[in-house]
Amino acid sequence: MIVLREYLDADLDRLVNLANNENVSRYLVDTFPYPFTKALGEWWIRTGSKQNGAITRVIEHEGRFVGSVGINPQIGWRDHLGEIGYWVAEEHWGKGIATAALRLMTDYGFTARQLRKLYAPVLSPNVASMRVLEKCGYTCEAILKTEVQKGGIYFDIHHFVQHR
């Protein structure tokens, strides 16, 4: 069973333990680097997970913190959009947890937040994440060539979307 809940200060040690994994962070944004330190975890729980109106939740599977999912609502003329993202601890990959969490957060974005479009930028090598999005009804709207640079490597971004 999957439950999404807010971050708690008590999540710090578990967050650092799960997030400090190069395989987890290698395709994620720069606010989720490797190594993932205790200081970064403290910042994430208190500030980063809520910054700029972000809606970020802990993914619990069978009562245990196993990852995170969130939406960054956009502003101005893009205020009907939200960027959605997620990660799951490596030991929990392949169990359908990311798919279940993404479905819950997608529904939340469309119903509770009244967003009209959710999008997820995915680095080209992250095929597993693309499969999760497709299972949840997202489609690849565009491929943006050499869009981001991470660790000295340039990556294409596959821009997945779902409309309400």
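Among all residues of segment 36-48, there is at least one that is in a loop (DSSP other than H, G, I, E, B), over 18 Å from I2 (Cβ atoms) and in contact with a Ser or Thr (Cβ under 7 Å, 6 or more places away or on another chain).
Residues in segment 131-144: is at least one under 13 Å from the mean Cα position of the chain (by Cα) and crowded, with 18+ Cβ neighbours inside 10 Å? Yes, the conditions are met somewhere in segment 131-144.
Whether any residue in segment 59-71 is acidic (D, E), in contact with a strand residue (DSSP E or B) (Cβ under 7 Å, 6 or more places away or on another chain) and either open to solvent by 10 Å² or more (accessible area, probe 1.4 Å) or on the phi > 0 side of the Ramachandran plot (or both) is what I want to check. Yes: one or more hits.
Which members of segment 98-113 meet the condition of being farther than 18 Å from Q74 by Cα and surrounded by 22 or more Cβ atoms within 10 Å (Cβ to Cβ)?
Result: A98, A101, L102.
Within segment 49-60, the set of residues being assigned to a strand (DSSP E or B) and either over 19 Å from N20 (Cβ atoms) or acidic (D, E) (or both) comprises I55, R57, E60.
With respect to I75, determine if the residue is buried (at least 20 other Cβ atoms within 10 Å of the Cβ) and not hydroxyl-bearing (S, T, Y). Taking the combined requirement at face value, the residue does not satisfy it.
When restricted to residues that are out of contact with any helix residue (DSSP H, G or I) (no Cβ under 8 Å at 6 or more places or on another chain), assigned to a loop (DSSP other than H, G, I, E, B) and in contact (Cβ under 8 Å) with a residue 40 or more places away in the chain, segment 1-25 contains 2.
Here R116 does not fit the description of being open to solvent by 60 Å² or more (accessible area, probe 1.4 Å) and either under 13 Å from the mean Cα position of the chain (by Cα) or of a type in the set (F, W, Y) (or both). Of E134, E62, all but one fail to be out of contact with any helix residue (DSSP H, G or I) (no Cβ under 9 Å at 6 or more places or on another chain) and more than 19 Å from R14 (Cβ to Cβ); the exception is E134. Just a yes or no: is a residue in segment 154-161 in contact (Cβ under 8 Å) with a residue 24 or more places away in the chain, buried (at least 18 other Cβ atoms within 10 Å of the Cβ), within 14 Å of the chain's Cα centre (by Cα) and more than 19 Å from P33 (Cα to Cα)? Yes, that holds for at least one residue.
Residues that are open to solvent by 80 Å² or more (accessible area, probe 1.4 Å) and out of contact with any helix residue (DSSP H, G or I) (no Cβ under 9 Å at 6 or more places or on another chain) were ranked within segment 26-54; the one that is farthest from D156 (Cα to Cα) is W43.
The values are calculated or read from the model by the stated rules, or taken from the named source; none is laboratory data. It should be emphasised that the depicted structure is a prediction, and the values quoted were computed from it without experimental measurement. Counting neighbours? That spans all protein chains shown, and the Cβs are built from the backbone with ideal geometry, glycine included. Side chains are part of the model used for accessible areas, which takes the heavy atoms of the whole protein and leaves out ligands, DNA and RNA. Shrake-Rupley method; radii C 1.70, N 1.55, O 1.52, S 1.80 Å.
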